[in-house]
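These notes concern the structure reproduced below.
What follows is calculated from the coordinates using simple rules that are stated; it is not laboratory data. Just so we're clear, the structure is a prediction, and the values are computed from it rather than from any experiment. Methodologically, a virtual Cβ is constructed for each residue, glycine included, from the backbone with ideal geometry; neighbour enumeration extends over all protein chains shown.
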């Protein structure tokens, strides 16, 4: 890996902090690391002697495992922290928690936190690179980076003018905002599609098309990124308020093979996971040749390796 290229930012706090050159560099580096992951020996010594702390103040399975695997493939030492059963439950502040971990000579922090802006706050308090692994309903930058990397593999390296639709619960999704920002930086046309109640009004101001018609959106799109309904962020009372029932939501916004047949060209189907089969996407579509969902998972490790590697190059 070349050591002559670094990112324009010391931490990855969100897509807003990245330039087009940053995204291109991350994707180019991820392509090299994906080749490494397909070798018999899948480890490189790029982060040997560095320690990365994974701080997850919110539940996670895929993202946490992906980061941990990426760190181990880079030969880093890994410290995993979970808020459950920790001193956070006793009232310890975020800064105190992190400072105690840094006192153990940690070189980089990967953090997921339920509150938007927690990473920016932490970056102003500590002096090591921070990677945002998700902050509330705000951003999830590495998911957007792996999604756009996957799209470039599927649709071609130049996404300029490509029509990409994000379908589902836009209101409560950190994936949606990060994807919108990354896709626009790469020149794609972005549309969101879903019920009126699940689409923020301000998206028009970002230059994003808004649709409430999935069938028409299918005919417009080159790729669909299907998002799940995040009931855990809505609460049982709110879930009823946003739409009458999951059955009705599926009738209007669930992606099936019959709906997909309306497209006049092959579509790329994506999903950040976890999938609610039979709600936002049918099993037949999720397991079809149109879907690149498992490629997204594989690409996630390579992209996170690239992010960690490049941030490590900019340390000091």
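Between residue 206 and residue 283, what is the FRET efficiency for a Förster distance of 51 Å, r being their Cβ-Cβ separation, to the nearest 0.05?
On the way: r = 33 Å, r/R0 = 0.65.
According to the calculation, E is roughly 0.95.
When the chain is treated as a GNM, springs tying every alpha-carbon pair under 10 Å, which of 282, 75, 124 comes out with the largest mean-square fluctuation?
Of 282, 75, 124, the most mobile in the Gaussian network model is 124.
Round to the nearest 10 and give me the degree value, 0 to 90, for the angle of helix 231-242's Cα axis relative to the longest principal axis of the chain.
So the inclination is approximately 30 degrees.
Ranked from highest to lowest mean number of other Cβ atoms within 10 Å per residue, what is the order of the peptides 286-297, 200-211? Show your work: numbers first, answer last.
Working: 286-297: 16.7, 200-211: 13.5.
Ranked from most to least packed, the peptides come out as 286-297, 200-211.
So what's the convex hull volume per residue for the Cα atoms of the stretch 141-296, in Å³? Let's see the in-between values first.
On the way: hull volume 15.7 nm³, N = 156.
Dividing the Cα hull volume of the stretch 141-296 by its residues yields 101 Å³.
May I ask for log10 I(q)/I(0) of the stretch 178-231 at q = 0.14, 0.21, 0.31 Å⁻¹, from a Debye sum over the Cα atoms as equal point scatterers with solvent left out?
Ignoring solvent entirely, the Cα scatterers give -0.37, -0.86, -1.48.
Determine, from the Cβ-Cβ distance of residue 62 and residue 256 and an R0 of 30 Å, the FRET efficiency 1/(1 + (r/R0)^6), rounded to the nearest 0.05. All intermediate terms of the calculation are to be shown ahead of the outcome.
On the way: r = 24 Å, r/R0 = 0.82.
Calculated value: 0.75.
Debye calculation, C-alpha points only, no solvent: report log10 I(q)/I(0) for the stretch 112-185 at q = 0.19, 0.21, 0.24 Å⁻¹, in the same order as the q values.
Taking Cα atoms of the stretch 112-185 as identical point scatterers yields -0.81, -0.92, -1.06.
Pull up the DSSP beta bridges for the chain and report the antiparallel fraction as a percent, rounded to 5. Numbers along the way, then the final one.
Numbers: 1 of 35 bridges.
The answer is about 5 percent antiparallel.
Kirkwood hydrodynamic radius, the stretch 50-177, all distinct C-alpha pairs: what's the number in Å? Walk me through the numbers on the way to the answer.
Details: mean 1/r = 0.0624 Å⁻¹.
Roughly 16.0 Å, rounded to one decimal.
For the stretch 1-49, what is the largest minus smallest coordinate of the Cα atoms on each principal axis, given in angstrom and ordered from greatest to least?
Sorted largest first, the three principal extents are 37, 24, 20 Å.
Between the stretch 33-58 and the stretch 174-232, what is the separation of their alpha carbon centroids in Å?
For the stretch 33-58 versus the stretch 174-232, the Cα centre distance is 32 Å.
Which ordering of 43, 265, 162, 31 is given by a fewest-first count of other beta-carbon atoms within 10 Å? All intermediate terms of the calculation are to be shown ahead of the outcome.
Details: 43 13, 265 7, 162 20, 31 17.
In increasing order of surrounding Cβ atoms, one gets 265, 43, 31, 162.
Using alpha carbon centroids, what distance separates the stretch 146-164 and the stretch 246-316, in Å?
Cα centroid to Cα centroid, the span is 13 Å.
Pick from 38, 179, 189: which residue has the top mean-square fluctuation in a GNM of the chain where Cα pairs under 10 Å get a spring?
Judging by the Gaussian network model, the answer is 38.
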